[in-house]
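Data block below; observations after.
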Amino acid sequence: MHDSSFDILFIADVHLSPECPATVARFLRFLDSRARRAQQLYILGDLFDAWIGDDDATPFNLRVIAALRELTAAGVDCAVLAGNRDFLLGRRFFRQTGCRRLHDFTCIQCAGEATLLMHGDLLCSDDVAYQRFRRRVHNPLFQQLFLWKSLAQRRKIAEHYRRTSMAVNAQKATAIMDVNPLTVNAFMQRFAVTRLIHGHTHRPDAHLLWLNGKSARRTVLAQWNEEAGGEVLVFAPTRGEWRREPVI
Ligand code: LP5
Ligand code: MN
């Protein structure tokens, strides 16, 4: 029988929010069952639909934090990379959960294969308006000014960003919101990796590419969906095997 205790799991774009109770319940079950039997869990961005600061101690956030803490206390190494919805995850969140912060981008070894982990938004370089927006909200001074506002004000601004984003996205050509192949190649070559795993685009797939005469892979993680469920990418190091599993 396969021993899952060495498995390495990858998820992204869970988009936890009180408005999606089935997704929340699914994620908490996942932490308590599938993830608990694994060695490592990598969360590659947008775990939360919106994170407005570690001081936003709603019962909802506290429940998720407690569940992550239980996972790490049970000995599972959980690494979290921030996405474009939860880039304000801060020191307190990591202290409370026991999770490790991953820089976007991070290179790891999967049974000796150099693998690059990203959220994926940096790869969408044709989306010039988004990249400008990203630079602005990643500015530490801009973030500090935001964090000095009251929680009620921050919640309002975040809702405004989300609404504007959805309206703007509906007008954008879908190709613009996908990765740029030259940017993908540049990132993979820079780190000399043969595998890239990311989320963000909500276009789950496994792309085969050629880099410097070598075959390479780009795996795109699925977003979790309230009705259809979630998905986890599993690497079983003992078998050198990659597979996707539904999270129901
Ligand atoms: O998130 P998603 O999937 O809808 O679309 C993303 C890009 N959008 C975003 C915005 C986020 O959804 C907003 C999340 C807010 C939560 C945290 C709040 C904390 C604020 C902290 C401030 C320090 O990332 C979207 C991409 C899409 O992915 C595909 O890649 O296209 O990009 C945009 O929508 C950006 C627009 O193109 C341009 C910017 C619009 C400006 C909106 C606000 C204007 C007010 C500015 C005031 C200073
Ligand atoms: Mn995203």
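The values are calculated or read from the model by the stated rules, or taken from the named source; none is laboratory data. Quantities reported herein were computed from a predicted structural model and do not represent experimental measurements. Cβ coordinates were reconstructed from backbone atoms using ideal geometry, including for glycine residues, and neighbour counts include every protein chain displayed. Side chains included, ligands, DNA and RNA excluded: accessible areas come from the protein's heavy atoms. Shrake-Rupley method; radii C 1.70, N 1.55, O 1.52, S 1.80 Å.
Listed by first and then second residue, the pairs linking a residue in the stretch 21-36 that is surrounded by 16 or more Cβ atoms within 10 Å (Cβ to Cβ) to a residue that is of a type in the set (Phe, Trp, Tyr) and part of a helix (DSSP H, G or I), with Cβ atoms under 8 Å apart and 6 or more places separating them unless they lie on different chains, are 24/60.
Residues of the stretch 154-170 include none that is more than 21 Å from the chain's Cα centre (by Cα), over 25 Å from residue 51 (Cα atoms) and surrounded by fewer than 14 Cβ atoms within 10 Å (Cβ to Cβ). Going by the structure shown, is residue 132 away from ligand 2 (no atom under 15 Å from the Cβ) and within 30 Å of residue 34 (Cβ to Cβ)? It is false that residue 132 is away from ligand 2 (no atom under 15 Å from the Cβ) and within 30 Å of residue 34 (Cβ to Cβ). Note on the stretch 222-243: residues that are part of a strand (DSSP E or B), open to solvent by 40 Å² or more (accessible area, probe 1.4 Å) and either free of Cβ contacts under 8 Å to residues at least 24 places away in the same chain or under 19 Å from residue 193 (Cα atoms) (or both) total 3.
Within the option set 102, 89, being within 22 Å of residue 122 (Cβ to Cβ) and in contact with an Asp or Glu (Cβ under 9 Å, 6 or more places away or on another chain) holds for one residue only, 89. Of all residues in the stretch 171-203, which are within 30 Å of residue 213 (Cβ to Cβ), open to solvent by 60 Å² or more (accessible area, probe 1.4 Å) and within 16 Å of ligand 2 (Cβ to nearest atom)? Hit for the stretch 171-203 is 203, nothing else.
Just one of the numbered conditions (1) open to solvent by 10 Å² or more (accessible area, probe 1.4 Å); (2) touching a Leu at 6+ places or on another chain (Cβ under 6 Å); (3) assigned to a loop (DSSP other than H, G, I, E, B) is not true of residue 126: (2). Looking at residue 17 and the list (1) crowded, with 18+ Cβ neighbours inside 10 Å; (2) within 15 Å of ligand 2 (Cβ to nearest atom); (3) not acidic (Asp, Glu), which single condition is not satisfied? Condition (1) is where residue 17 drops out. Pairing each residue of the stretch 110-125 that is closer than 18 Å to residue 183 by Cβ with any residue that is near ligand 1 (Cβ under 10 Å from one of its atoms), provided the two are 6+ apart or on different chains, yields C-beta distances under 6 Å for 119/83; 119/200; 120/200; 120/201; 121/84; 121/200; 123/179; 124/179. Selection over the stretch 129-138 of residues that are out of contact with any Phe, Trp or Tyr (no Cβ under 8 Å at 6 or more places or on another chain), within 8 Å of ligand 1 (Cβ to nearest atom) and open to solvent by less than 70 Å² (accessible area, probe 1.4 Å) gives a count of 3.
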